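Okay, so here's the structure we're looking at.
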Amino acid sequence: MKDFWKNPAVKNYLVEDIFDIDEIVRRFGGCPDDEDYKIVRSYYCDEFVGGEEGYETSSATKEDYEKYKSSDEDYYDFSYRTELNYNDFLDKFWFDTFEQTLYEYVEPDEQIDFITYVNETFFTLSFEGQGKLFLRNIIKKLNHWSAELLVMIDSKRMNDFYKINKIQEKVIKHYSGSYLNTKRRIINHYKFIYSEIENDFMPIGTEINTKLTRDEILNKLVGDNSNKNKFYEYEKKLKTQKYLSKDSEWIKNPVDFSRFYSYCLNKTIFKSYFLEDDNRGIDFLRNLFNFHRGKSIDSPAKRKKQLIESKKTQFNFLDTN
């Protein structure tokens, strides 16, 4: 198991602290006129000098920081830290491009690599007991990672020295939801081999972080502005036809909800990777429309069964003038 956690497929997927979050921003974020608003990491040493000043801050090197982090010694008079130059680029950051890269490529690829490595490792274990213990440890870790990220948002907001900014918060919320989604995918894959796994772990947590705002859900589910505008038109027509309440809550039955989701997928209103995803897209739509009945038909196979011949044109009115 120790070797498992050292594998790149695991380490790349694990977002453990502010450093990891900022590295995602540094690697995949960008701004217009990148040379003028370049994202850079800086290193500092805070040394206790006493008196009214308390601490004196000076520049440090990456090597100094890494040596400090890897040391077992206790340093009472100084500490090292690192951060990105958010003050220089926060208001100029390309959110749409970053979200598209993170949501459609970076995190989904990391998730697939992680799940693939879980499966490969599981089938190398010799005994049934080892396999069950391995899966339990994986799911506990995923629950822990998800919860710790959300704690990071709340605790940092109460800290006057350091506050989570809006870019970091997007990364945190996305990976927190991703870990719960990964947990569910693993449970669904192994529950026929290890039936207890569903009862033991599925009730813990929720698949989608309920703290997401409406705009954040739409960014994850729909993405670009042209598709958002199309989706807003759909919502108006759904309200007219009494599928949605005036408060944008779904008021028809679960089968109709499932067909509407499939309609939007086929019309490429939702992001393309949800075509290959199991339930994450429909989870986003459920939270958007505050509709949580009939989840038993959310899987791709069961959604397909709802597309009976007599209902294939049910939502064509959404694209007619």
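The single condition among (1) under 24 Å from the mean Cα position of the chain (by Cα); (2) under 23 Å from GLU47 (Cβ atoms) that VAL118 does not satisfy is (2). Sort out which residues of segment 281-296 are open to solvent by less than 20 Å² (accessible area, probe 1.4 Å) and not charged (D, E, K, R), and write them in order of number. Matches in segment 281-296: GLY281, ILE282, PHE284, LEU285, LEU288, PHE289, PHE291.
Evaluated against (1) farther than 27 Å from GLY177 by Cβ; (2) buried (at least 16 other Cβ atoms within 10 Å of the Cβ); (3) hydrophobic (A, V, I, L, M, F, W, C), VAL25 falls short on exactly one condition, (1).
Checked against the criterion of being modelled with pLDDT under 90 and in contact with a strand residue (DSSP E or B) (Cβ under 8 Å, 6 or more places away or on another chain), segment 271-281 has no qualifying residue. Give me a count of the residues in segment 185-222 that are open to solvent by less than 50 Å² (accessible area, probe 1.4 Å) and either at pLDDT 80 or above or closer than 25 Å to ILE138 by Cα (or both). Residues meeting the conditions: 18. So SER299 clears everything in (1) more than 18 Å from LEU212 (Cβ to Cβ); (2) touching a Ser or Thr at 6+ places or on another chain (Cβ under 7 Å) except one condition, right? Which one? Only one criterion in (1) more than 18 Å from LEU212 (Cβ to Cβ); (2) touching a Ser or Thr at 6+ places or on another chain (Cβ under 7 Å) is unmet by SER299, namely (2). Of the helices (runs of 4 or more DSSP H) lying entirely inside segment 250-315, the ones with 1 or more residues being free of Cβ contacts under 8 Å to residues at least 24 places away in the same chain and out of contact with any Phe, Trp or Tyr (no Cβ under 6 Å at 6 or more places or on another chain) are found at 254-266, 300-305. Of all residues in segment 297-321, which are open to solvent by 60 Å² or more (accessible area, probe 1.4 Å) and among the polar types (S, T, N, Q)? Across segment 297-321, the qualifying residues are SER310, THR313, ASN316, THR320, ASN321. Taken as a whole, the structure leaves SER59 outside the set of residues that are without any contact (Cβ under 8 Å) to a residue 12 or more places away in the chain, more than 30 Å from LYS228 (Cα to Cα) and either open to solvent by 60 Å² or more (accessible area, probe 1.4 Å) or β-branched (Val, Ile, Thr) (or both).
Can you pull out the residues in segment 75-102 that are part of a loop (DSSP other than H, G, I, E, B), closer than 27 Å to LYS271 by Cβ and modelled with pLDDT under 90?
Keep residues of segment 75-102 that are part of a loop (DSSP other than H, G, I, E, B), which gives 75-77, 85, 93-94.
With closer than 27 Å to LYS271 by Cβ added as a condition, the list becomes 93-94.
Passing the criteria: only TRP94.
Total residues in segment 103-140 satisfying the condition of being crowded, with 16+ Cβ neighbours inside 10 Å and either at pLDDT 90 or above or out of contact with any Gly (no Cβ under 9 Å at 6 or more places or on another chain) (or both): the figure is 18.
Checked against (1) in a helix (DSSP H, G or I); (2) of a type in the set (Ser, Thr, Tyr); (3) surrounded by fewer than 18 Cβ atoms within 10 Å (Cβ to Cβ), SER146 passes all but condition (3).
The values are calculated or read from the model by the stated rules, or taken from the named source; none is laboratory data. Just so it is clear, the model here is predicted, and its values are computed rather than measured. Backbone-built Cβ (ideal geometry, glycine too); neighbour counts: all protein chains shown. For accessibility, only protein heavy atoms count, side chains too; no ligands or nucleic acids. Shrake-Rupley method; radii C 1.70, N 1.55, O 1.52, S 1.80 Å.
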